[in-house]
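Novice: Okay, here's the structure, questions in a sec.
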Ligand code: G6P
Ligand code: ZN
């Protein structure tokens, strides 16, 4: 017997979705009514779930299973028709996006704090994706936030937990629950996109690879696709078992947090190709033997070689990058004669461009790359794209990068993060730079001539919506650039991100250490923003 309970509640402060859903400490999500309030506010914000079909899954972090049961009970209590859920409540973010699209669902709930650490002391998150499979646009997240401020009650079914181990269909009250293999549909989609025969032949020829799943959700996906389908040797995928605390690691695929992989790739016995993905499987890191590829360069290389991939053989409709991402892809777009869009940080801003057929490939400096095959960035897809290109070109990553830079020039790029900075100090720093925007152009700072200075705002060319205050952007003579913004995904204090870029066209200077090449821009950033004094830090916490 099931019984719908209506529970009186009060608004809880701070339930404002950020760059990518609502992210808080796990303990916060576990506190009284916190999750229930937010889920009910999603239902209220999207006009209810009565008669709707939803997709549900998460990255397997601590509290994933319990939260999934709450979502199921609350969906049933509010009259949802059906929920399609990944076995054991697991689904990578791109796999969830694919399922929403493929099954024509009305939307989905993804339980994840992406690359943030998990566990009782770590972070948890809830994200609502719309019917196109993409993160809810601001119009929807604003409504959800409004609903969190006016909520007076939530509805939940009184019932036992639903068994989610094993595929099949069960009923919860009047709602159907279809439990699906989290990998199967996604693997099928990858087969439709890429030249699996060419990649298979590449591995047969002795090409070696290491994929670090970082104890996060892509382990089962990578094992199935790389090792079983494509014949990469056993042991290619490491840290393949998803763990609730990611093995106490930080599931963010960058040179700092994927250091073991980086060390192997830079060592004497490096495999030909290395890659990693994050907590929920939407980010990627690409690293060749002795050659790290920045996410910005990765996007540019994929765009330049896209026609080698069956799904993109006809060419790209356009490309898009987030504003702080380097301009490397702009040069490729120019060469191909296609449009290139610069959007604010956050994958949701690509949704309209993809839906409208204006862009085929998108990417962000924050290790996200994707295309119109789903409406999320997609870690494993990016890895397969690289493998497809290498298989067709019959070359190594370092050779491909060299050839690319010779053709397009090299955009040296780095991001310096200052984490857990006092919020007031961080806002003060931004205000301080904001005040200088009007006077900087034409002046010289630390020996660099400023050519432009603006606070980035984005007018969506598809729906005309405007997003303001999306980062401070300062251009220098010769194409160098400095961007400052505060992260929208942190859970403690403020994270200041300093993005640095310098364009180099002289082939004799393509092999510099990026920090050395960028030294003048770094000096200008310090002179303009006074980072050291204002944050009280001598050096960034993370450099990528
Ligand atoms: C998430 C979003 C990305 C975004 C990234 C960094 O991963 O999906 O689109 O680029 O966060 O956001 P932040 O606000 O922390 O710089
Ligand atoms: Zn992620």
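Novice: Percent relative contact order of segment 410-543, based on C-alpha pairs within less than 8 angstrom and at least six residues apart?
Specialist: The value is 37 percent.
Novice: May I ask what percent, to the nearest 5, of DSSP beta bridges between residues of the chain are antiparallel?
Specialist: Just about 70 percent of them are antiparallel.
Novice: If you don't mind, there's one more thing I want to ask. Measuring from label point to label point, each 7 Å out along Cα→Cβ, what is the residue 505 to residue 290 span in nm?
Specialist: 3.0 nm
Novice: A follow-up question, please. What angle do you read, to the nearest 10 degrees and between 0 and 90, between the alpha-carbon axis of helix 519-529 and the longest principal axis of the chain?
Specialist: 60 degrees
Novice: Calculate, in nm to one decimal, what residue 477 and residue 355 gain on full extension: separation in residues at 0.36 nm each, minus their alpha carbon distance.
Specialist: 40.3 nm
Novice: While we're here: So what is Rg over Rh here for segment 3-181, counting just Cα atoms and using Kirkwood for Rh?
Specialist: Radius of gyration over Kirkwood radius for segment 3-181 works out to 0.92.
Novice: Ok, one more. Given Cα pairs under 8 Å that are at least 6 residues apart, what percent is the relative contact order of the chain?
Specialist: Once normalised by length, the contact order is 13 percent.
Novice: Please list, short to long, the whole-number percent of alpha-carbon pairs of segment 309-460 in consecutive 5 angstrom bins beginning at zero.
Specialist: Answer for segment 309-460: a P(r) of 2, 8, 12, 17, 20, 15, 11, 9, 5, 2, 0 percent.
Novice: Quick one: if the Förster radius is 25 Å, what FRET efficiency do residue 142 and residue 432 give, using the C-beta to C-beta distance and rounding to 0.05?
Specialist: It comes to 0.30.
Novice: Continuing with the same structure: Quick one: Kirkwood hydrodynamic radius for segment 186-408, alpha-carbon pairs, angstrom, one decimal?
Specialist: Computed over segment 186-408, the radius equals 17.2 Å.
Novice: Could you let me know the centre-to-centre spacing of segment 287-361 and segment 1-38, using Cα atoms, in angstrom?
Specialist: So the separation of the two Cα centres works out to 36 Å.
Novice: In which sequence would 203, 273 go, from the one with the fewest C-beta neighbours within 10 Å to the one with the most?
Specialist: Listed from fewest to most nearby Cβ atoms, that is 203, 273.
Novice: Another question about this same structure. Would you calculate the separation in nanometres between label points at residue 513 and residue 468, each defined as 7 Å from the Cα along the Cα-to-beta-carbon direction?
Specialist: Roughly 4.3 nm, to one decimal.
Novice: So for 298, 78, 65, fewest C-beta neighbours within 10 Å to most, what's the order?
Specialist: Lowest count first: 65, 78, 298.
Novice: Output the 0 to 90 degree angle, nearest 10, between the alpha-carbon long axis of helix 397-408 and the longest principal axis computed from the alpha carbons of the chain.
Specialist: Roughly 60 degrees, rounded to the nearest 10.
Novice: What does DSSP give for segment 190-307 in terms of the percent of beta bridges that are antiparallel, rounded to the nearest 5?
Specialist: Bridges in segment 190-307 that DSSP calls antiparallel: roughly 55 percent.
Novice: Indicate, rounded to the nearest 5 percent, the antiparallel portion of the DSSP beta bridges found entirely in segment 264-351.
Specialist: In segment 264-351, approximately 60 percent of DSSP beta bridges are antiparallel ones.
Novice: Here's another thing I want to ask about it. By the gyration tensor of its Cα atoms, with a ≥ b ≥ c the square roots of the eigenvalues, what is the shape of segment 284-332: rounded for a/c under 1.5, prolate for a/b over b/c, or oblate?
Specialist: Judged from the Cα gyration tensor, segment 284-332 comes out oblate (a/c at least 1.5, b/c at or above a/b).
Novice: Counting C-alpha atoms alone, how compact is segment 410-543: give Rg to one decimal and Dmax as a whole number, in angstrom.
Specialist: 15.3, 45
Novice: Counting other beta carbons within 10 Å of each residue's own, what order do 289, 532 fall into, fewest first?
Specialist: Ordered from fewest to most neighbouring Cβ atoms within 10 Å, 289, 532 come out as 532, 289.
Novice: Does segment 88-231 come out rounded, prolate or oblate, given a ≥ b ≥ c as the square roots of the eigenvalues of its C-alpha gyration tensor, rounded meaning a/c under 1.5 and, failing that, prolate meaning a/b above b/c?
Specialist: It comes out prolate by the Cα gyration axes.
Novice: What translational diffusion coefficient, in µm²/s and rounded to a whole number, does the Stokes-Einstein relation yield for the chain at 10 °C and a viscosity of 1.306 mPa s, taking the hydrodynamic radius as the Kirkwood radius over Cα pairs?
Specialist: 67 µm²/s
Novice: Taking 0.36 nm per intervening residue step and subtracting the Cα-Cα distance, what contour gain separates residue 188 from residue 543 on full extension?
Specialist: 124.2 nm
Novice: Nearest 500 deg cm²/dmol is fine: what mean residue ellipticity at 222 nm does the chain get from its DSSP H runs of n ≥ 4 alone, each adding -39,500 (n - 2.57), divided by its residue count?
Specialist: The helix-only estimate for the chain comes to -9000 deg cm²/dmol at 222 nm.
Novice: Decide, for segment 52-158, between rounded, prolate and oblate: order the square roots of the alpha carbon gyration tensor eigenvalues as a ≥ b ≥ c, take rounded if a/c falls under 1.5, and otherwise choose prolate if a/b is larger than b/c, else oblate.
Specialist: In terms of gyration-tensor shape, rounded.
Novice: Here's something else I'd like to know. Using alpha-carbon positions, what is the distance between the centroids of segment 57-104 and segment 447-508, in Å?
Specialist: Between the Cα centre of segment 57-104 and that of segment 447-508, the gap is 36 Å.
Novice: Modelled label-to-label distance, residue 50 and residue 454, 7 Å Cα→beta-carbon offset: nm?
Specialist: So the label points at residue 50 and residue 454 sit 4.7 nm apart.
Novice: Give me the orientation-averaged projected area of the Cα convex hull of segment 473-544, in nm², one decimal.
Specialist: Averaging across all directions leaves 5.6 nm² for the Cα convex hull.
Novice: Given a Förster distance of 35 angstrom, what is the FRET efficiency for residue 171 paired with residue 31, based on the Cβ-Cβ distance and rounded to 0.05?
Specialist: E(calc), rounded to 0.05, equals 0.70.
Novice: On a full-extension model of 0.36 nm per residue, what is the gain between residue 16 and residue 334, subtracting their alpha-carbon distance, rounded to one decimal in nm?
Specialist: Contour length minus Cα-Cα distance gives 110.6 nm.
Novice: Could you sort the peptides 48-54, 435-441, 471-477, 80-86 by per-residue average Cβ neighbour count (10 Å cutoff), highest mean leading?
Specialist: Per-residue mean Cβ counts within 10 Å order the peptides as 80-86, 471-477, 48-54, 435-441.
Novice: If you fit an axis through the alpha-carbon atoms of helix 138-150 and take the longest principal axis of the Cα set of the chain, what angle between them do you get, 0 to 90°, nearest 10?
Specialist: For helix 138-150, the angle is close to 50 degrees.
Novice: Using 1/(1 + (r/R0)^6) with R0 = 45 angstrom and r between the beta carbons of residue 200 and residue 81, what's the FRET efficiency to the nearest 0.05?
Specialist: After rounding to 0.05, the efficiency reads 0.65.
Readers should treat all values here as calculations from the given coordinates under stated rules, not as data from a laboratory. Since the structure is predicted, the reported quantities are computational estimates derived from the model, not experimental observations. Reconstructed Cβ throughout: ideal geometry from the backbone, glycine too, with neighbour counts over all protein chains shown.
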